[in-house]
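Values in this text are rule-based calculations from the coordinates and carry no lab data. Quick caveat: nothing in here was measured; it's all calculated off a predicted structure. In this analysis, Cβ positions are derived from the backbone assuming ideal geometry, glycine residues included, and neighbour counts consider all displayed protein chains.
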Amino acid sequence: MTSKSGQAPIAPGAVASDLTISDLRAALAAGWRDYRAYPAFGLFFASIFVIAGIFLYFALFVRGEIAWLVPAAAGFPLLAPFVAVGLYEVSRRREASLPMSWRAILGAMRGRGDEQILSMGVILFVAFGFWLMVAHGIFAVFEAESGIKSDSGELFRTSAGIMMLVVGTIVGGLMALAFYAITVISLPMLVDRKVDFITAIIVSLATMRSNKLIMLAWAVVIAIILFVSMLPMFLGLLVVLPVFGHATWHLYRRVAGNTKTSEPQ
């Protein structure tokens, strides 16, 4: 149930239920401004993701482990929200006119000293590992059906290989959507407020429920642009990841940031 003011009640406050495409454009524009104002932080966090991606690619590609490489690349964006925690703090501090320092920004990864963000990080890394196992299982089933070893690349030109990609895409998409739903608002909230991660997840899910079409549109935009930016050896992420990280903060503020932040300076 939503109120006339366009908000749905949810502890510890309320979430907006009237998001529009204009809000997504505004969030992206604000994210771009934050990135331009403090590019060093964005490049630092994005470079961690890029270096890890390149290392993973060469480590698996050289060994011919395509059965692991494809799901690893597809599931890599699952970890992006945790990497973006420092970017949320940059946007939060810029919005509140607080001083910027590497100590403060990196310290945001610890949360407010209660390990709530680290708990979310553990969930994301477990999810990534679970996706790898599920995807590898899908590979194994269709590889056995085709009779072609996946490390040759020939598997992808068979009907079994095409079906494998279809099934893997559907399963991976559903898993990615589930973890997007629980992290898109929860992680910025954990940076902004002293709440437990269960409460933050509830708020994130409430946002999805109250703004289904717009939040799904945001998920599709993120997925497509992240995928395209990963093609040139992950290098596009040096710009895309920071902008989306900052933009997600501003979307959170529009949806659930209806109280002042309370972080000590």
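FRET efficiency for the Thr20 to Val239 pair, using the beta carbon distance and R₀ = 35 Å, is estimated at 0.85. Given their separation in residues at 0.36 nm each and the Cα-Cα distance between them, Ser119 and Leu231 gain 37.3 nm when the chain is fully extended.
Compute the FRET efficiency between Leu216 and Ala29 as 1/(1 + (r/R0)^6), taking r as their Cβ-Cβ distance and R0 = 22 Å, and round to the nearest 0.05. E between Leu216 and Ala29, to the nearest 0.05, is 0.60.
For segment 84-94, 3J(HN,Hα) computed residue by residue from phi via the Karplus equation (6.51, -1.76, 1.60; θ = phi - 60°) reads 7, 4, x, 5, 4, 5, 4, 5, 4, 5, 5 Hz, glycine and proline entered as x.
Each other residue within a Cβ distance under 12 Å of Trp218 adds +1 if Lys or Arg and -1 if Asp or Glu, for a net charge of +2.
Net charge in the neighbourhood of Thr20 (other residues with Cβ under 15 Å of its Cβ; Lys, Arg +1, Asp, Glu -1) is +1. Using a simple spin-label model with pseudo-atoms 7 Å out from Cα toward Cβ, Glu95 and Leu165 lie 4.0 nm apart. Taking label points 7 Å from Cα along the Cα-to-Cβ direction, Ala223 and Ala178 give a separation of 1.5 nm.
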